[in-house]
């Protein structure tokens, strides 16, 4: 397989996985967790004594996958993924949180894009980390405020998403090293 074909395939896989994180997050928030609050979200522990709505796992992963989409397929594909993801989020979110889900997704992914894009060529891991942190903070603030009218789960939201970004960093490092070895430039 040529390097260009490999890059395209990896980008398409990341794009599909990115798209799947959105319905997964929306489903999880109402159906999967160690406890489900009546009329509220299902929760998972993200630190001893700190709970978060269960969708945080998928949202943290989405931030990193969007970076891979952009790295493999280019900035326009990254923006297209954000637009498509916002639409998917608006269509699939439960009625009670549709605005919160779509707005949080759109604003957090645009914040991620704005930080990642200028940094990624020179400081790839820094770009993934910094953009992920900015994206997860924006997502958490917007979602919690719009969905629940409070920031009660803010610490848990931030921690839960941060775990996914941190878990992904070693894999992103390996991706970068392989790209350098193969002479693949970032898109």
Among (1) in contact with a helix residue (DSSP H, G or I) (Cβ under 7 Å, 6 or more places away or on another chain); (2) over 17 Å from residue 28 (Cα atoms); (3) surrounded by 16 or more Cβ atoms within 10 Å (Cβ to Cβ), there is one condition residue 104 misses while meeting the rest; what is its number? (2)
Assuming residue 121 fulfils every condition listed in (1) over 15 Å from the mean Cα position of the chain (by Cα); (2) in a helix (DSSP H, G or I); (3) surrounded by fewer than 20 Cβ atoms within 10 Å (Cβ to Cβ) apart from one, which condition is it? (2)
Subset of the range 145-180, residues farther than 30 Å from residue 38 by Cα and touching a helix residue (DSSP H, G or I) at 6+ places or on another chain (Cβ under 9 Å), comes to 166, 167, 168, 169, 171, 172, 173, 175, 176, 179
All but one of (1) surrounded by fewer than 17 Cβ atoms within 10 Å (Cβ to Cβ); (2) in contact (Cβ under 8 Å) with a residue 12 or more places away in the chain hold for residue 25, so report the exception by its number. (1)
Test for residue 78: is it out of contact with any helix residue (DSSP H, G or I) (no Cβ under 9 Å at 6 or more places or on another chain) and either in contact (Cβ under 8 Å) with a residue 12 or more places away in the chain or part of a helix (DSSP H, G or I) (or both): no
Just to be sure, is residue 182 modelled with pLDDT under 90 and surrounded by fewer than 17 Cβ atoms within 10 Å (Cβ to Cβ)? yes
Of all residues in the range 146-178, which are without any contact (Cβ under 8 Å) to a residue 40 or more places away in the chain, surrounded by fewer than 19 Cβ atoms within 10 Å (Cβ to Cβ) and part of a helix (DSSP H, G or I)? 154, 166, 167, 170, 171, 174, 177, 178
Go through (1) touching a helix residue (DSSP H, G or I) at 6+ places or on another chain (Cβ under 7 Å); (2) in a helix (DSSP H, G or I); (3) crowded, with 24+ Cβ neighbours inside 10 Å one by one and return the number of the condition residue 52 breaks. (2)
Out of (1) assigned to a helix (DSSP H, G or I); (2) modelled with pLDDT under 90, the odd one out for residue 132 is which? (2)
Of the residues 30, 40, 60, which single one is in a loop (DSSP other than H, G, I, E, B) and in contact with a helix residue (DSSP H, G or I) (Cβ under 9 Å, 6 or more places away or on another chain)? 40
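The values are calculated or read from the model by the stated rules, or taken from the named source; none is laboratory data. Remember, it's a predicted structure, so these values are computed and weren't measured experimentally. Quick reminder, even Gly has a Cβ in these numbers, built from the backbone with ideal geometry, and neighbours come from all protein chains shown.
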